[in-house]
Amino acid sequence: MPSDQSLAPLPQLPEGRALRAEIDLAKVRRNLKRIQDAAEGRGVWAVVKANAYGHGAVPVGRALEQGGAAGLAVSSLEEGLELREGGVRLPVMILGGLRPEAIPLASTHGLEVAVVGPEHLEAYARLLPTHPVKLHLKLDTGMGRFGLLPSELPEIMPSLKALAPWTEGVMGHFATSDDPDTRFALRQRATFEGCLEALSDAGIRPPQRHHANSDGILRRLFSEDTHVRPGLVLYGLTNLPEGRALGLEPALELVAEVARVKAVPAGTTVGYGRTFVAPQPMKIATLACGYADGYRRDLGNRATARHRGHAYPVVGRVSMDYLTVALPLDADAAPGDPMTLFSADPEAPNSVERLAQLLGTIPYELTCALHRRIARRYLD
Ligand SMILES: Cc1ncc(COP(=O)(O)O)c(C=O)c1O
């Protein structure tokens, strides 16, 4: 039998785990403007897949809509429907292709679809007269992943012609646009242009052409394209010095409140595996952020967290829900204090770009991993 005590009403819950991603939508809009200028006025298909690279698909999508994006690109039908449910009215394109069974749903919700291979062409031709959907023919110009191969175009040209009334665009995707050696990217461009010509000769001349992602735009690999397809730079992140030179502003900060602080003597070990030993008396702050939130386990004993203008080391192993930060004994830290784990200052040692470098990965991986259980707070 439960005791009377356990039947008592639950106390009102506090705000919850004090971990939040703060996203400045005005910065997203300013980044869009910078990219529109860099792309010399070409239309922008803004890539908001993977929950807008962890920033929140609907709020970011709506901000990009206000900011003048031509359309939004997502990976899957589910992501497209999420945008529609969130009130986004812009064109939305599904980059990952779509099975024929899902065409009626895409049609109802006005979603556009990338054609990523020849396998569904016949089924699409049967469905589109009654369930119209705009198509973008994705060409495999060298990515080796999705896309129609240039060598298979002659054989499938009759099927592509049948789909011409619904074909809105032709697209490709760069494999090496971050590489200072642009030879392969230029080869992809040449392949793309050759395919456009072959399609044109067959009478297929869709209004849109788009091949350049963020780095392709920064390296001006957009040629005669009508549109570009940036993702990363919209969030103010970049792998290239050209991107920093544009003044892109990182839009996201990851902030955790201090849950506990305690003073410990020298020799105290912290966390799983006892990988940190306090070299002198110090304070240890515990924050409710762990690898389940997307804060990588291998940042333990490597990264810093920022508190009242100081950078302090993240010590010990990062665990599933918590991490620990070492502060000097005289540091003025108390439960509830915010600590910045991902800084929006690109020069800070804990900026997303710097942390990605430290880990030997790319900024995409760090923001995309931010779990949906983290509260998102939007500034506008
Ligand atoms: C087909 C396609 N286009 C554009 C992008 C945007 O790339 P980036 O974030 O490098 O600008 C992606 C992202 O992976 C993609 O898959």
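The values are calculated or read from the model by the stated rules, or taken from the named source; none is laboratory data. None of these values were measured; they are calculated from a predicted model. When we count neighbours, we look across all protein chains shown, and the Cβ atoms used for this are built from the backbone with ideal geometry, even at glycine. For the accessible areas, the whole protein counts, side chains as well, though only heavy atoms, and no ligand, DNA or RNA atoms are used. Shrake-Rupley method; radii C 1.70, N 1.55, O 1.52, S 1.80 Å.
Given a 1.4 angstrom probe, what's the average accessible area per residue across the stretch 185-264, in square angstrom?
Roughly 37 Å² per residue, with all protein chains present.
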In nm, the gap between the two label points placed 7 Å beyond Cα toward Cβ at Arg205 and Gln66 is 4.0 nm
With a Förster distance of 22 angstrom and the Cβ-Cβ distance between Met143 and Ala123, calculated FRET efficiency to the nearest 0.05 equals 0.35
Of all DSSP beta bridges having both residues in the chain, the percent classed as antiparallel (nearest 5) is 50 percent
Interchain or sequence-distant (5+) residues whose placed amide H lies within less than 5 Å of the amide H of Gly300 are Val318
The size of the Cβ-based charge dipole (Lys, Arg +1; Asp, Glu -1) of the chain about the Cα centre, to the nearest 20 debye, is 560 debye
Too long for a 25 Å Cα-Cα cut-off, among Lys27/Lys138; Lys138/Lys161; Lys49/Lys161; Lys49/Lys138, are Lys27/Lys138; Lys49/Lys161
For the pair Asp380 and Glu242, the simple spin-label estimate (label points 7 Å beyond Cα toward Cβ) gives in nm 3.4 nm
Helix 153-162 sits off the longest principal axis of the Cα atoms of the chain, rounded to the nearest 10 on a 0 to 90 degree scale, by 80 degrees
Length gained, Leu329-Ile156, 0.36 nm per residue minus C-alpha separation, equals 55.1 nm
Summing -39500 (n - 2.57) over every DSSP H run of at least 4 residues in the chain and dividing by its residue count gives a helix-only mean residue ellipticity at 222 nm, to the nearest 500 deg cm²/dmol, of -8000 deg cm²/dmol
Correct response: the longest run of the chain lacking exposed GluC sites (Glu not before Pro), defined by DSSP loop and at most 12 other Cβ within 10 Å, is 41-223
Hydrodynamic calc, the chain: Kirkwood Rh from Cα pairs, then Stokes-Einstein at 10 °C with viscosity 1.306 mPa s, so D in µm² s⁻¹ is 69 µm²/s
